[in-house]
Every structure is written in structure tokens, then in C-alpha cells.
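**Student:** Take a look at this one; I'll ask things after.
The values are calculated or read from the model by the stated rules, or taken from the named source; none is laboratory data. What you are looking at is a predicted structure, and each value in this text was computed from that prediction instead of being measured. All Cβ positions, even for glycine, are placed from backbone atoms using ideal geometry, and neighbour counts span all protein chains on display.
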Amino acid sequence: MTDSVKTRPLYRNIHVSQIVSYRLPPAGIVSILHRISGLLMFLLLPFVVWMLDSSLTSEISYDGFTNIFVAGVAGIPAVLIKLVVLGLLWAYLHHFIAGVRHLWMDATHSVSKAQGKSSALLTLGLSIALTVVLGAKLFGLY
């Protein structure tokens, strides 16, 4: 009897130095971005509540709220505020679309590698496209 038994490769966790060269599949990217967008929305929740409060209190407060996007507030330029709102828009859109993706996968039991990749790419494409459209409206392009 010969010792021609193949040994299985040993997979270990990647090292910090390998992070740059590691190629994550689209589903993994969507998963990480889903977590990041949820954290971003959680951290910006006081800003969202402030925006809602200042836009609904009265007509005067609404005018002051819309003026922030033109002139800025407390030394913060309007462009920076628009960029924060754009990040919040992306976080909401990505988190919502990725959540719908997960619900669809759970409801239809479609967990194949090909469907996971295609739905992840669709999630990334839709969230970026909708962010670009709403960002163009935020920055006054239409």
C-alpha cells in the first residue's frame, strides 16, 4: 500500500497584511456595506431627528432649515452638510435594498452562489444609481 493520499489544503484566517490583496465576492461586499450603512444611520440619527424637527416645527424653522443647504450653519459650509446628507441617503438606500435582498432570499430560499452574486451586484448597482439620482437633486442639478 502506498502513501498517495492527498492532503487537504489548510485554510487559515487571513492576516492583516493580506487584506489589501484579498478579493471579497460581491455578496461579501454587500454584507459589509449593509453593516456599515446600518451603523452610519444609527450614528446620524440625532442629525436626522434634528432635520425632521427643524423642518416641521413652523414655516420660519422650515425656511431656516432650507437655508442651511444654501449658506451652511455654525461655520460649517453648505457643501459639507450636503455631503453628510448624501452619505445618509446612500446609507438608507443601500440598507433598504440589501434588506429587501435578504428578505427575498429568505422567502424564496434562493441561496445559490450565482443568485447571490447577481442579487449582490443588483443591490450595489441600484443603491449607487439611486444615490446618484437623489444626489443630483440634492446638489441642484435638476
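**Student:** State yes or no: is residue 91 surrounded by 13 or more Cβ atoms within 10 Å (Cβ to Cβ), within 18 Å of the chain's Cα centre (by Cα) and closer than 21 Å to residue 140 by Cα?
**Tutor:** It is true that residue 91 is surrounded by 13 or more Cβ atoms within 10 Å (Cβ to Cβ), within 18 Å of the chain's Cα centre (by Cα) and closer than 21 Å to residue 140 by Cα.
**Student:** Would you please list the contacts, defined by Cβ atoms under 8 Å and residues six or more apart or on different chains, that run from a residue in the stretch 109-131 that is among the polar types (S, T, N, Q) to a residue that is exposed (fewer than 14 other Cβ atoms within 10 Å of the Cβ) and in a helix (DSSP H, G or I)?
**Tutor:** 110/104; 119/104
**Student:** If you don't mind, another one. Can you find, within the stretch 52-83, the residue that is surrounded by the fewest Cβ atoms within 10 Å (Cβ to Cβ) among those that are in contact with a helix residue (DSSP H, G or I) (Cβ under 7 Å, 6 or more places away or on another chain) and within 20 Å of residue 133 (Cβ to Cβ)?
**Tutor:** By that ranking, first place goes to 69.
**Student:** Do we have residue 4 as at pLDDT below 80, out of contact with any His (no Cβ under 7 Å at 6 or more places or on another chain) and not in a helix (DSSP H, G or I) here?
**Tutor:** Taking the combined requirement at face value, the residue satisfies it.
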